[in-house]
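The values are calculated or read from the model by the stated rules, or taken from the named source; none is laboratory data. Note that the coordinates shown come from a computational prediction; the quantities given were computed from them, not determined experimentally. In this analysis, Cβ positions are derived from the backbone assuming ideal geometry, glycine residues included, and neighbour counts consider all displayed protein chains.
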Amino acid sequence: MSKIAIFGAGYVGLVTGACFADLGHDVVVRDILPERIDELRAGRVPIHEPGLEELLAGNAGRLSFTLDVQEALDGAEFAFVAVGTPPTYSGDADLSAVWTVVDSLPKLDQRLTLVMKSTVPVGTGEKVRAALDTRGLVGVGYVSNPEFLAEGTAVRDFTHPDRVVVGAFEPGDGERVAALYEGIETTLVTTDVASAEMIKLASNAFLTTRISFINEIANVCELVGADVMDVARGIGLDHRLGSHFLRAGVGWGGSCFGKDVSALKQLAGNSGYHFQLLSAVIEVNELQKRRVVAKLEKHLGKLRDRTIAVLGLAFKPGTDDLRDAPSLVLASRLLAEGADVRAWDPVADAAHLLHGVTFCDSYLEAVQGADAAVIVTEWPELVGLLAPEARGAMKNPLIVDGRNLLDPGAARAAGFAYEGIGRPSPSSQTPAPAPEPDTVQQ
Ligand SMILES: NC(=O)c1ccc[n+]([C@@H]2O[C@H](COP(=O)([O-])OP(=O)(O)OC[C@H]3O[C@@H](n4cnc5c(N)ncnc54)[C@H](O)[C@@H]3O)[C@@H](O)[C@H]2O)c1
């Protein structure tokens, strides 16, 4: 069993640390935020990630948290970099946190392998290797080991990965990193460092391409009377294509997709190549986030002084992450149109990001007096929106289902006018009459 230091106590660093501890390794997680380290030491988890709290508690004996670089590296054989790499104004990845970690490495007696889990542009490994050599840290190996976990299922993704990618300059370093995953059944992909870096960026670019593709198909479906849910199923059953990431909706978001796709586009551009397809993928997504406004206007006319319930704020269910969430764009557009926005999310807190929005404790509270309810994040509890209680609470029973969560027939039978994404919609829908008052009470 090995001693592992992890730099960064965010979604990736904490999950990686907890899972390696669960495999029997000794793990020290280092962050620069004192409040984050205090919380973790007190047994509280600063992020919402299913299963993580239990995993951290169950492996407390093999896990510790520190602000101190020396303490983290004391006896460590591996130093994982799991710090953020957000976009800069130019769309390139901001590697300042990565460089802070690299620059903080002291001269060590033991052999240390620096393992890059953060998503970085292709060529970063070469630059870090050169910087380490310049500083005389030739005893520090370098391995690219990109992370593919998805928030909401991160623990399961770590313990049951589709593959583990290990790109190394020295085969021995790669073998040592691969050995850390012993006990996990998976396919090991060993490559050079640049290819490992590209696998991560290209994977996210491909996933977003699939989503933007099905969203464009959905938009055409709306014009020609087809149902994108059936279309996607029919496409996905083709074994050459597969069914994943063919779900139409209000667009992709999250901490990774936008910045990684942009970073790859800029990387290509900086290298002299115009990546046209990615430009289109990004543009389609930006437009997709705004289409809900037109759907609302189709039913309500101008949105000034209309009350719109925005249901779900996190960029997807199972997480509290609001980074690049489509809900933020939609809520801002609705506010700009003069609408009153009432928002609900079971875990994400957007009060510091959205000013002028009324935040509610339940979706039932959010739809109170609303002219329309928009499902932005497909939290499973939102299927309850079809209950008479919700319909009775709304001023006007219109649902715009931005994630195709609900069955359109059931929604209409429950008395709602319903608009999905890429689904046939009668041009003038007459909602069923409101249920009798005694039914509403049920
Ligand atoms: N979140 C995901 O779903 C996901 C999936 C795969 C890959 N990634 C990549 O993993 C990396 C981390 O993502 P994240 O979502 O965990 O980020 P995050 O923002 O949740 O966490 C990053 C943490 O690093 C800390 N930090 C910053 N500088 C530091 C330093 N010098 N030393 C120690 N800690 C430092 C921050 O305080 C923060 O707690 C990014 O490159 C991201 O693209 C993320």
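Summary table
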{"read-out": "Condition check for PHE169: over 30 Å from LYS289 (Cβ atoms) and either modelled with pLDDT of 95 or more or surrounded by fewer than 22 Cβ atoms within 10 Å (Cβ to Cβ) (or both)", "value": "yes"}
{"read-out": "Residue within the range 112-126 that is modelled with pLDDT of 95 or more, surrounded by fewer than 18 Cβ atoms within 10 Å (Cβ to Cβ) and more than 9 Å from the ligand (Cβ to nearest atom) present", "value": "yes"}
{"read-out": "Number of positions in the range 230-262 that are in a helix (DSSP H, G or I) and surrounded by 24 or more Cβ atoms within 10 Å (Cβ to Cβ)", "value": "2"}
{"read-out": "Where a residue in the range 181-195 is under 12 Å from PHE169 (Cβ atoms) and its partner, wherever it lies, is charged (D, E, K, R), with Cβ under 8 Å and at least six apart", "value": "VAL193/GLU126; VAL193/ARG129; ALA194/GLU126"}
{"read-out": "Some residue of the range 368-376 being under 27 Å from THR153 (Cβ atoms) and either among the charged types (D, E, K, R) or assigned to a loop (DSSP other than H, G, I, E, B) (or both)", "value": "yes"}
{"read-out": "Count - residues of the range 97-111 that are surrounded by 15 or more Cβ atoms within 10 Å (Cβ to Cβ) and in a loop (DSSP other than H, G, I, E, B)", "value": "2"}
{"read-out": "Conditions (1) part of a helix (DSSP H, G or I); (2) more than 29 Å from CYS256 (Cα to Cα); (3) among the aliphatic types (A, V, I, L, M): number failed by VAL284", "value": "(2)"}
{"read-out": "Count - residues of the range 133-171 that are within 15 Å of the ligand (Cβ to nearest atom) and assigned to a loop (DSSP other than H, G, I, E, B)", "value": "11"}
{"read-out": "Among the candidates LYS298, LYS200, LYS289, residue that is part of a helix (DSSP H, G or I), out of contact with any helix residue (DSSP H, G or I) (no Cβ under 9 Å at 6 or more places or on another chain) and of a type outside the set (Gly, Ala, Ser)", "value": "LYS298"}
{"read-out": "Test: residue in the range 298-312 that is at positive phi, crowded, with 23+ Cβ neighbours inside 10 Å and at pLDDT 95 or above", "value": "yes"}
{"read-out": "Qualifying residue in the range 269-290 (condition: within 30 Å of GLY91 (Cα to Cα), within 16 Å of the ligand (Cβ to nearest atom) and among the acidic types (Asp, Glu))", "value": "no"}
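Results for (1) within 16 Å of the ligand (Cβ to nearest atom); (2) within 16 Å of ARG403 (Cβ to Cβ), shown as yes or no for each residue.
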position: LEU246; (1), (2): no, yes
position: GLY249; (1), (2): no, yes
position: ASP260; (1), (2): yes, no
position: GLN266; (1), (2): yes, no
position: ALA336; (1), (2): no, no
position: VAL341; (1), (2): no, no
